[in-house]
1. Please state which one of ILE211, ILE224 is of a type outside the set (Gly, Ala, Ser) and over 22 Å from LYS261 (Cβ atoms).
2. Which condition does LEU183 not pass, out of (1) within 23 Å of THR125 (Cβ to Cβ); (2) crowded, with 20+ Cβ neighbours inside 10 Å, if it passes all the others?
3. Would you check which residues across the range 484-501 are over 26 Å from ILE552 (Cβ atoms) and open to solvent by 10 Å² or more (accessible area, probe 1.4 Å) and list them?
4. Filter the range 392-414 down to residues that are over 17 Å from ASN483 (Cβ atoms) and open to solvent by 10 Å² or more (accessible area, probe 1.4 Å), then give me how many there are.
5. Out of (1) closer than 23 Å to GLN394 by Cβ; (2) open to solvent by less than 10 Å² (accessible area, probe 1.4 Å), what's the single condition that is false for SER434?
6. Return the residue satisfying two criteria in turn: it lies in the range 12-28 and is in contact (Cβ under 8 Å) with a residue 40 or more places away in the chain and assigned to a helix (DSSP H, G or I), and of such residues it is most open to solvent (accessible area, probe 1.4 Å).
7. Assuming LEU391 fulfils every condition listed in (1) farther than 20 Å from GLY505 by Cα; (2) out of contact with any Gly (no Cβ under 8 Å at 6 or more places or on another chain) apart from one, which condition is it?
8. Yes or no: the range 149-160 includes at least one residue that is under 18 Å from THR208 (Cα atoms), polar (S, T, N, Q) and modelled with pLDDT of 95 or more.
Amino acid sequence: FDPLLIESKTPATVVLMLSSPENEVLAKACDALYKFASKGDENKVTLLGLGALEHLYKLLSHEDPLVRRNAVMVFGIMASNHDVKKVLRELDVTNSLISQLAPEEDVVIHEFATLCLAHMAVEYTTKVKIFEQGGLEPLIRLLGSPDPDVKKNSVECIYLLVQDFQNRAAVRELNVIPPLLGLLESEYPVIQMLALQTLEVISKDRETRIILGENKGLDCLLNILENNELSDLHVETLAVLGNCLEDVHTLQLIQLTGGLKKLLSFLEASTVPDIQKNAAKAVTKAAYDSEIRKILHWEEVEKFLLSLLETNSDEVKVAASQAISAMCENIDSKRVLGLQGIPQLVQLLSSDNEEVKEAAVTALTNLTTASPRNASVVAEAEGIEPLMNTLNTQRDGAIVNAIAVLTNLSLQEQSRVRIQSHGIMSALAGPLRSTNSQVQSKAAFAVAAFGCDAGARAELRNAGGLGPLIELLHSKNEEVRRNACWAVMVCASDELTAVELCRLGALDILEEINLSTKRKNKFSEAALEKLLDNNLSQKYSRMGYLSSSNIITNGFYDCGQIKHGRKFLSLEELSKQELTDRRAVIVINAK
């Protein structure tokens, strides 16, 4: 047949040409479709509607390298579209694309096959297929490709794949660390960034961190931090090092080589909020291990954390406060952070940012727990008033911790008197009504701590706090119920409060609790006894006897034994009743 020259401007015609038996026609048609698809998403959708993908899929295994290359190029450029990706999954193209990654294939085929896989690897189902079809090995091999686009697409694909835990273990076995470290020396920032992001994900596993140390990866990362020209990579580099801090073995390695000192010096000098925030978060995560806390204390990490409290960024202040909370588990750190950090944390309680306030008061809780010295420092730093104000915040976490700090301070009489003068019992009436069990528990505990003073009990009575306290006796939460019983026991120390508690039904509830083997506790039994001992008329009426330590005084009356479940009437209520033929009520009125 004589040569026929066709000039077409219609994509539908070009798609039809994909069925041609001639290699040259196929190659030219693919090339034309690649240019057309490159112009935008609309064109990709047009080709999808014309059924181009099904034809192109067949060409992926074509014997002619040029046809195959051009077909892969169309796939690579089209795969960025969501609808195209859906059809590619249905066609199950991953296996054909992986086969294009063979070492003998053309570098352009490598580039567009990896590009297509990177677009598709966003989906979990595709991740699984790439893993099952052996795609990880050729992708890792291509990290050493001379072509930067191939490197970029391969590392991006690996980054997406390692989001899945199974793939993290697999890439480690395939020795991905050396080629990833090699990419950190690339002249292309996007490749360096993707390599660091991949290292950050895989270094969450302890085994990977060990391999990273063995391959001098830590030195490599520290070198990036020391290079100011690579400042755009510092945040991601710190994220990888942050994971390494969580492992005692790796941390000791960094410390022995002087790397930890370098790292902290870099962090103290940095003014980039993201770097400061991520560094503080890394310390928080690492400080869960006691050995790591020791190492961080030796390297004076406290100095760095305290400097972060003075920054202008609220996110940094939150992260620093959380790290301080974590480091408090180390006694020596707790002492250092208490003396120097408490005044700064007290200032943060007045912040307009609720998250900052909560993080600061949580740090103060950790600093003052089992530390009388630090509790004194809070009082000396004028911390009582801002702590009282924090009780009115909207965040339950802040309220819980503010109550905890005030309770820690109450162990010192001078501080307790000052807190009571600020109206602590009135302030606790609100938290006692909370629906949050942690707030309820801490509030009841605080009532027990401050209720040893008669004035404080009167204040709680007048503020209407006894009602919500009694309601907590019904709680299904064991800790809330126990603390409420304790608080009732303390509050029942004087007759006025004991009578009021009985009037509000505390006796009946406590009796009911004590009948249950699961719900009763030593405080519920003690609270019932205390209530009756300070309300002798009711005790005599219920029990029919008084013990030798019960001394009756003016106002005591005997109205006879009351049946269970019947209301115990006050003298005033009894005086209003009509005369009956029952036994008289005997009242002691020696005055």
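The values are calculated or read from the model by the stated rules, or taken from the named source; none is laboratory data. All of these numbers come straight from a predicted model, not from anything done at the bench. Because the Cβ atoms are built from the backbone with ideal geometry, glycine has one as well, and the counts that use them run over all protein chains shown. Calculation scope for accessible area: heavy atoms of the full protein, side chains included, ligands and nucleic acids excluded. Shrake-Rupley method; radii C 1.70, N 1.55, O 1.52, S 1.80 Å.
1. Exactly one residue qualifies, and that residue is ILE211.
2. For LEU183, the failing item is (1).
3. Filtering the range 484-501 down to residues over 26 Å from ILE552 (Cβ atoms) leaves 484-487.
Residue satisfying the conditions is TRP486 alone.
4. Matching residues across the range 392-414 total 8.
5. Looking at each condition in turn, SER434 falls short on (2).
6. Within the range 12-28, the subset in contact (Cβ under 8 Å) with a residue 40 or more places away in the chain is 15, 18, 23, 26-27.
From what's left, assigned to a helix (DSSP H, G or I): 15, 23, 26-27.
Working: VAL15: 7, ASN23: 57, LEU26: 5, ALA27: 9 Å².
Taking the candidates together, the pick is ASN23.
7. Answer for LEU391: the failing condition is (2).
8. Within the range 149-160, the first condition is being under 18 Å from THR208 (Cα atoms), and the residues that meet it are 155, 158-160.
When the remaining residues are screened for being polar (S, T, N, Q), the result is none.
For the range 149-160, residues under 18 Å from THR208 (Cα atoms), polar (S, T, N, Q) and modelled with pLDDT of 95 or more: absent.
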